[in-house]
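All remarks here apply to the structure that follows.
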Amino acid sequence: MATKYWVGNAAAVAQVDSGSIDSVDATPANNTFTVTIGTQTVAVAGDTNVATTAANLLTALQASTHPYFTAITWTNPSGGTITGTAATAGVPFTAALTVSGGGTGTVTDFANSTASAGPSHFDTALNWAGGVAPVGNDDIVFENSSINVCWGLTTGLDFDSITVKKTFTGEIGLPSNVFTTSADGDTNVATAPEYRETYLVAGGDVISIGFDSGIGSPAGSSRIKINNDQSAASTCTVHGTSTSSDTNRPAFMYLANHANADLFVRDAPGGVGIGIDAPGETATLGDINILADDTTTEIQIGDGVTFTNLFHNGGVTFVEAAATVTKIEINGGEVTTEGAFAVTTIEVNGGTLNSNSTGTITNANVKGGLLNMLDSNELRTVTTLSQDGGSFALDDAVVTVSNVNEPVGRNTITVSPAT
């Protein structure tokens, strides 16, 4: 298909949604009319008159001080109609109008009469070179731009490739722990979390993050959030990450949805997070390959992530997991495991593996580096230990080693007293 380049040129348009209270019950208390945004609600009891009920609901909406509701201008243009208009053009909202109770009241839910649009909307055609929005199997490219991508993030599309070059210095996605109030995504309030989508939800056969051609010194993006939701194999390569704009979160946050979605990290001083942005996040990947040979690359894998293997050459990685990991192979750097997941095979050839997870390690092969099991007092089991080099540190009061395979040939085993 075609290659589409992000430019972010569209004018901001304020969203307008309208719904209506269509009928009420003769006994007002029999129905409650509610507007819901995210997890927040504004509700009033019914009145015997439709217009009066709508007016009462309007008064309650206008009186709300919650940021979700103050971001919208509420009106009652006629009868039972309730209209919400975005207070800031280019900032979308999602509201629902419902009726509950045993009465006969009815409503028509909010419907969009004017769609939100603006320079930070992924789904606005004028934000793409040539004025044509991407379609499935396109290649999409973010480069040489500082315009954020904040809205219209749930694409429903699978692309042949998604490329975010280091010359793209805008942000993709929203912070999840604050509520964004500006069209460019840069202004927020800390009193409420974000209820709208925070990731760019788009499939990608090949995803490339932070490639630097070596010309100039581009800063890169301080927030890239991609949910690769396609049910097919893929590869995502992280060439480099910038300093994160989100406190205590990495610059690149990633979700995937397939057991053959492989991740390669070459360099990530700004960090890579997998399933760690918000409570309850889940992801499924294949192999996670940390190719970095430095000490500045930082990776965090959340407790809702299922993956097959971790191959680790450098950097610092913190690992939790939702299911048994087939293999963790560490050749350099430092890996720390936490949580309750099991590992079929651990292979330590170099670096340090701090093994604190409580699931059983079926095979622990120590050939170099350090397998450290001293940092947790949780009871743990290693079914079979095979050591042919390196060091293995444990407290036998909490770590049980069921079988030990002695090294082949002449060898020296050194046991140091606990300190």
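The values are calculated or read from the model by the stated rules, or taken from the named source; none is laboratory data. The structure presented is a predicted model; accordingly, all values stated were derived computationally and were not measured. Neighbour counts are summed over all protein chains in view; Cβ atoms, including those assigned to glycine, are modelled from backbone coordinates with ideal geometry. Only protein heavy atoms, including side chains, enter the accessible area calculation; ligands, DNA and RNA are left aside. Shrake-Rupley method; radii C 1.70, N 1.55, O 1.52, S 1.80 Å.
For the structure I just gave you, tell me whether Thr52 is under 35 Å from the mean Cα position of the chain (by Cα), of a type in the set (Val, Ile, Thr) and more than 27 Å from Gly185 (Cα to Cα).
Numbers: under 35 Å from the mean Cα position of the chain (by Cα): no; of a type in the set (Val, Ile, Thr): yes; more than 27 Å from Gly185 (Cα to Cα): yes.
The answer is no for Thr52.
Let's see how each residue does on (1) of a type in the set (Ser, Thr, Tyr); (2) in a strand (DSSP E or B); (3) surrounded by fewer than 18 Cβ atoms within 10 Å (Cβ to Cβ):
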site: Ser244; (1), (2), (3): yes, no, no
site: Pro250; (1), (2), (3): no, no, no
site: Met253; (1), (2), (3): no, yes, no
site: Ala259; (1), (2), (3): no, no, yes
site: Leu263; (1), (2), (3): no, yes, no
site: Ala268; (1), (2), (3): no, no, no
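Annotation: of all residues in region 282-296 being over 27 Å from Ala219 (Cβ atoms), of a type outside the set (Ser, Thr, Tyr) and part of a loop (DSSP other than H, G, I, E, B), the one that is farthest from the chain's Cα centre (by Cα) is Gly286. Scan region 115-139 for residues that are open to solvent by 50 Å² or more (accessible area, probe 1.4 Å) and assigned to a loop (DSSP other than H, G, I, E, B) and the total you get is 5. Hey, any hits in region 67-78 for a residue that's open to solvent by 60 Å² or more (accessible area, probe 1.4 Å), part of a helix (DSSP H, G or I) and closer than 16 Å to Thr36 by Cα? Yes, some residue in region 67-78 is open to solvent by 60 Å² or more (accessible area, probe 1.4 Å), part of a helix (DSSP H, G or I) and closer than 16 Å to Thr36 by Cα.
Right, Ile299: of a type in the set (A, V, I, L, M, F, W, C) and outside any strand (DSSP E or B) or not? The answer is no for Ile299. So Thr27 passes all but one of these: (1) closer than 19 Å to Ser120 by Cβ; (2) surrounded by fewer than 17 Cβ atoms within 10 Å (Cβ to Cβ). Which condition number does it fail? (1) is the only condition that Thr27 fails.
This table checks each residue for (1) modelled with pLDDT under 95; (2) open to solvent by 30 Å² or more (accessible area, probe 1.4 Å); (3) within 13 Å of Phe142 (Cβ to Cβ).
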site: Pro175; (1), (2), (3): no, no, no
site: Thr187; (1), (2), (3): no, yes, no
site: Ala190; (1), (2), (3): no, yes, no
site: Pro193; (1), (2), (3): no, yes, no
site: Thr198; (1), (2), (3): no, no, no
site: Asp205; (1), (2), (3): no, yes, no
site: Ile215; (1), (2), (3): yes, yes, no
site: Ser231; (1), (2), (3): no, yes, no
site: Val238; (1), (2), (3): no, no, no
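In region 387-419, the residue that is most open to solvent (accessible area, probe 1.4 Å) out of those that are modelled with pLDDT of 90 or more and among the aliphatic types (A, V, I, L, M) is Val404.
The set of residues in region 140-159 that are open to solvent by 40 Å² or more (accessible area, probe 1.4 Å) and not in a loop (DSSP other than H, G, I, E, B) comprises Thr154, Gly156, Leu157, Asp158. Of all the residues in region 279-298, those that are over 15 Å from Ala256 (Cα atoms) and in contact (Cβ under 8 Å) with a residue 40 or more places away in the chain number 3. Each residue in region 37-62 was checked for being in a helix (DSSP H, G or I), of a type in the set (Val, Ile, Thr) and open to solvent by less than 50 Å² (accessible area, probe 1.4 Å), and 2 pass. If you go through region 217-229 and keep only what is open to solvent by 20 Å² or more (accessible area, probe 1.4 Å) and touching a Leu at 6+ places or on another chain (Cβ under 9 Å), you end up with Asn227, Asp229.
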